[in-house]
Amino acid sequence: MKKTGRVLLVLLVIVVAALLLYPTIRWYFFVPESTKTAAAGSNENIRDYSRGQASRGVRALTSLLQEDREAAIPEDFMYLRKDAEAALKERGMERPEEWTVYTLLSAFPSESALFQAIEDHTRSQLLDAKKLSGNVLQLGLDLRGGMSVVLEADTASYAASHDGEVPSGSELTAMLQDDIDILTSRIDQFGVSEPDIRLQGSDQILVEVPGETDPERVDAFLRGRGSLTFQLVDSSLSERVNRDYMDNLSRAFDEDGSIIAPSYIPSGYTVAGYYAEDEYGIEELQSFVVLRSEVVLDGSHLVSARMERDQNGRPAVNFRLDSEGADIFYAFTSANIGERLAVVMDGRVKSVATINDAISGDVQLSGSFTEEEAQSLAVILRTSSLPIDLIAVSEQGVGATLGDDSVRIAMQAIAIGFLLVILTMIIYYGPAGIIADVALLLNLVMMVAVLSALHFTLTLSSIAGLVLTLGMAIDANVIIYERIKEEMAAGADCYDSVSLGFGRAFWTIMDSNVTTIIAAIVLSILGSSTVKGFANTLAIGVACSLFTSLFVSHLLFDFFVTDDGRRGVWLSWRRK
Amino acid sequence: MKRPFDVLQYRTVAMGASGLFILAGIILFFVLGFNTGIDFGSGYSERIQIAPVGFTVRYEGEGTAVLSVSDGVIGFTRRSAAGTEEHLLDPSEYPSSADIAAALSALGAETEVHSVLPSANAVSGFGFPATLSSEPVRVNFSTDTVDCTIEDVREALSPLGNANVQTVGADDEAIYQIRIAVEDGETQNDASGKVNALLAAAFGGENIVVLQSDFVGPKFSSSLFRDSILALLIALVLILGYVAVRFRFAYAASSILALFHDVLAMLSFVLIFRLEVSSTTIAAVLTIIGYSINNTIVIFDRVRENVKAALEDGVKVDVDALVSLSVRQSLTRTIMTSLTTLVAIVPLAVLGSGDIKLFAINLTWGIIAGAYSSNFLAPAFLHYFSRMFPIDIEKKKEEEEYSLV
């Protein structure tokens, strides 16, 4: 490969690493603390907060207007200019010469439009922050704490589905043990979130997950399997129920929040609510749907679910059915063309579609699914159902398990270790050591970038492991340098020694690292939680070090060593 | 001329020493077992709140009286022959703890005010709702002026060794979750007694409200542990396969044996020095596996190269001499690599504390054991295996050199 090509490839890797690191850097350095705190709440909290902010904002602006019409727009509300311009444009008016509080407020047709604009702004800011928080390198329970959830075995629902049989103490504990294993795999899909899941007492499970306190996340891993069904819709009955209920919702629900079926609903039909998420991701009742109780197909026939976009760009879920399910579905849809079919998740209608054609294997359903829902559905489909259902009895934020002092000292020790690695190389190998150190730094950046793209959780021990991996990564450079020295001692000139050294060392480095990668990959596939996380770090570290030592440092050498013998590089401070 | 250093001379000494060390580990495993921390053993978990006492209540009147706290509001319920009467003492009506005590006195209870505090946040501890008797019941109130930080709690519990303390909820509420490992046969009472005695000594027993306490199970169940061991064995078999294909079987068998030694030597170290086994121990073992196989293969690669060169030159191959030579030739590299890994981790073993210190100590030992086994044991194993599976026969094709660029 030409030198330019090699330089471009290295630059490309650096750019990709920077892109992968961007969300993490933005979250930890550029999102204000207040936004982080506000975004940490549930979606309901975010809605309340945004509306609160909006009404405070409207009041602040109107009182400012009364004081001084010509006052400049406060810094915090500068974003409103854009909304104001849009509002003006819509009404066919010119944008004012100068923005003052008066011109800004008069651009909005009504106070509620202003309210809406502030609310929208706050909401999108917070929801963005919330989304971002799920996409960054997390700090583990030991460094920053997270969310603690106590889950209790739902013996009542167990009894209801097992003819009133109540599990004995030891049976319950055994079922909870199984629940723990399933929860672990649900929460820890890639072994990267380092949760802490334990049995508490005899009927509770204590879950601690690093990251923000977010009740939606708890719901996501508690949802059980089989709660997804396909059922036929009765359109005329649905219309009648909606006419009766929609303007008087209080009649529709009993004290427990269940829907009361009107007396004219014949047996064999059930009434369910059609829920769609509002801008905050909170489920809101849209209408009532009367369903045939007979279930066409349930979740057990689904093999996978994937989030996609339909032609209109709305999130849709692609379900793939197993062969038996596909046969059932094909037979059913061909017999019911023109009818309407509902997808019911956890008793709530998520989507209603008209059957246009006979459908078999793949089903695409657009509807009120969000990306998160489709993803959590896919996760749940991949894991088995919980032997006994769990109810969350408490959700609370918990602080770090390690004290600030011990974290600070440990981080200092890690930094000292890293510096010592760098110094050792420079002291022993001189200028060539600097090349190895440059490769090492790039290795560090690449590793952190990959880990942050995988939403890895950094604990103190994984940081220490990272530094040790770097200590090991330098090994490849050491092997190469020793080879180059040998070639030089054997009488080759600088240029030949470098290319011979790299060539001879290649298979040594490959063989020794591939064995390590084999171990890491097997452990990452078969191991569980901590093992998995560590194996992933090891594999990523070794792979990155192959690139930096064999490719990047070779490139750097080629810059300093020319074949005309005019330039060379020293592998120690002693110059012969 | 001085005879060059021959590593194979020390093979019996090295194998004997390693054997004894591992044997000691195995004996200790059966006699004492691992010193399991809270990740692998059961633990005791307690949630406490540090809040000053507002007042104490006793009741010796008619019927039974129950004092309850829900959402920070104190309720007083009396059931007697005359029927049930219920009083909710709303903080807006009774703004201080003294006001509430006075109201309770008026209802027939005996109260003693300890300190006057805002009554908005009464703490509902373990044992609430409380049936009142001649024994005084404490009512504590959470204030944001509690002079206590999580560091104080950690400090107070430091005699227990590896106690795990976290804040719960907002910082100023002074609610802490404490988790400690329990020994075999220890009851919940023993564990809570230990914790609460230390807390009482530091913060005053009357200021501690236990909100919840329970046994918790291990973080790692035995099934997870079994899976990990299985995964490890599969990984070893695959490494064996790879090395057998790329090198020869004798190399593969020797390197796997050396790897086994490293894992066992690390576990023996943990057993002999009674180090606590936690999730970081697993991490340390995994890291060392990666490190050690890497080390061994680099030396074996040199042996392979030397054997091949000798075959090409047509001289008689003295496997033992070549093995020794290869170890010597790799010596600078071995020292440098051990040095760079050790300087990375030793500062943490010296300066760190708790779990992370243990992790660093484990790793330091693992690096030393790994370097030792690659240089002394693996060549010794190769010496024996090459007798059974010769390595000095020409292999058909072999890459001489290769470059990525």
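Filtering the stretch A:390-418 to residues that are among the hydrophobic types (A, V, I, L, M, F, W, C), at the interface with chain B (Cβ under 9 Å from one of its Cβ atoms) and over 30 Å from A:Ser42 (Cβ atoms) leaves A:Ile409, A:Ala410, A:Ala413, A:Ile414, A:Ala415, A:Ile416, A:Phe418. Under the condition of being among the basic types (Lys, Arg) and either in a loop (DSSP other than H, G, I, E, B) or in contact with a helix residue (DSSP H, G or I) (Cβ under 9 Å, 6 or more places away or on another chain) (or both), which residue from the stretch B:218-251 is farthest from A:Asp511 (Cα to Cα)? Per the stated criteria, the residue is B:Lys219.
Yes/no per residue for (1) closer than 12 Å to B:Ser374 by Cα; (2) within 10 Å of chain A (Cβ to nearest Cβ); (3) outside any helix (DSSP H, G or I); (4) aromatic (Phe, Trp, Tyr):
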{"position": "B:Ala253", "(1), (2), (3), (4)": "no, no, no, no"}
{"position": "B:Phe269", "(1), (2), (3), (4)": "no, no, no, yes"}
{"position": "B:Thr280", "(1), (2), (3), (4)": "no, yes, no, no"}
{"position": "B:Thr287", "(1), (2), (3), (4)": "no, yes, no, no"}
{"position": "B:Thr296", "(1), (2), (3), (4)": "yes, yes, no, no"}
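When the stretch A:445-503 is limited to residues that are outside any helix (DSSP H, G or I) and surrounded by fewer than 20 Cβ atoms within 10 Å (Cβ to Cβ), the one that is farthest from the other protein chains (Cβ to nearest Cβ) turns out to be A:His455. Any residue at all in the stretch B:109-123 that's closer than 19 Å to A:Val398 by Cα and part of a loop (DSSP other than H, G, I, E, B)? Checked the stretch B:109-123: at least one residue is closer than 19 Å to A:Val398 by Cα and part of a loop (DSSP other than H, G, I, E, B). Of all residues in the stretch B:339-372, exactly one satisfies the criterion of being over 18 Å from the mean Cα position of the chain (by Cα), facing chain A (nearest Cβ under 7 Å), crowded, with 24+ Cβ neighbours inside 10 Å and of a type in the set (A, V, I, L, M), namely B:Ala344. Within the stretch A:513-531, the set of residues being surrounded by fewer than 24 Cβ atoms within 10 Å (Cβ to Cβ), assigned to a helix (DSSP H, G or I) and at the interface with another protein chain (Cβ under 7 Å from one of its Cβ atoms) comprises A:Val514, A:Ile518, A:Val522, A:Leu526. Taking residues in the stretch A:39-58 that are assigned by TED's automatic domain parsing to the domain that holds A:Glu119 and modelled with pLDDT of 85 or more, and partners anywhere that are of a type outside the set (Ser, Thr, Tyr) and not in a helix (DSSP H, G or I), not one pair has Cβ atoms closer than 6 Å while being at least 6 places apart or on different chains.
Within the stretch B:23-33, is there a residue that is buried (at least 17 other Cβ atoms within 10 Å of the Cβ), modelled with pLDDT of 80 or more and not assigned by TED's automatic domain parsing to the domain that holds B:Asn196? Among the residues of the stretch B:23-33, at least one is buried (at least 17 other Cβ atoms within 10 Å of the Cβ), modelled with pLDDT of 80 or more and not assigned by TED's automatic domain parsing to the domain that holds B:Asn196, which makes the answer yes. Pairing each residue of the stretch A:136-147 that is among the charged types (D, E, K, R) with any residue that is buried (at least 22 other Cβ atoms within 10 Å of the Cβ), provided the two are 6+ apart or on different chains, yields C-beta distances under 6 Å for A:Asp142/A:Thr401; A:Asp142/A:Leu402; A:Asp142/A:Thr459; A:Asp142/A:Leu460; A:Arg144/A:Ala400.
Put simply, of B:Val277, B:Val209 the only residue that is buried (at least 20 other Cβ atoms within 10 Å of the Cβ), at pLDDT below 90 and assigned by TED's automatic domain parsing to the domain that holds B:Arg179 is B:Val209.
Report whether or not A:Ile422 is modelled with pLDDT of 90 or more and more than 7 Å from chain B (Cβ to nearest Cβ). Yes, satisfied. Give the stretch B:146-201 a look and list any residue that's part of a helix (DSSP H, G or I) and within 13 Å of chain A (Cβ to nearest Cβ), or say none. Answer for the stretch B:146-201, where residues must be part of a helix (DSSP H, G or I) and within 13 Å of chain A (Cβ to nearest Cβ): B:Ile150, B:Glu151, B:Asp152, B:Val153, B:Arg154, B:Glu155, B:Ala156, B:Ser158, B:Asp171, B:Asp172, B:Glu173, B:Gln188.
Residues checked against (1) at pLDDT 75 or above; (2) aliphatic (A, V, I, L, M); (3) in the same structural domain as A:Leu127 (by TED's automatic domain parsing):
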position: A:Ser267; (1), (2), (3): yes, no, no
position: A:Val296; (1), (2), (3): yes, yes, no
position: A:Arg309; (1), (2), (3): no, no, no
position: A:Thr333; (1), (2), (3): yes, no, no
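Taking the stretch B:280-312, which residues are in contact (Cβ under 8 Å) with a residue 40 or more places away in the chain, surrounded by fewer than 24 Cβ atoms within 10 Å (Cβ to Cβ) and of a type in the set (Gly, Ala, Ser)? Listed by number, the list holds a single entry, B:Ala310.
For the condition in the same structural domain as B:Gly204 (by TED's automatic domain parsing), at pLDDT below 85 and over 30 Å from B:Gly43 (Cβ atoms), B:Thr145 qualifies. Considering A:Thr213, A:Thr184, A:Thr155, A:Thr173, the condition of being modelled with pLDDT of 80 or more and within 14 Å of chain B (Cβ to nearest Cβ) is satisfied by A:Thr173 alone.
Does B:Leu257 meet the test of being in a helix (DSSP H, G or I), over 29 Å from A:Trp507 (Cβ atoms) and more than 12 Å from every other protein chain (Cβ to nearest Cβ)? Here the answer is no, as B:Leu257 does not meet what is asked. Can you find, within the stretch B:316-338, the residue that is farthest from B:Arg304 (Cα to Cα) among those that are more than 11 Å from chain A (Cβ to nearest Cβ) and part of a loop (DSSP other than H, G, I, E, B)? Ranking the candidates gives B:Lys316 first.
The values are calculated or read from the model by the stated rules, or taken from the named source; none is laboratory data. Computed from a predicted structure; not experimentally measured. Neighbour counts are summed over all protein chains in view; Cβ atoms, including those assigned to glycine, are modelled from backbone coordinates with ideal geometry.
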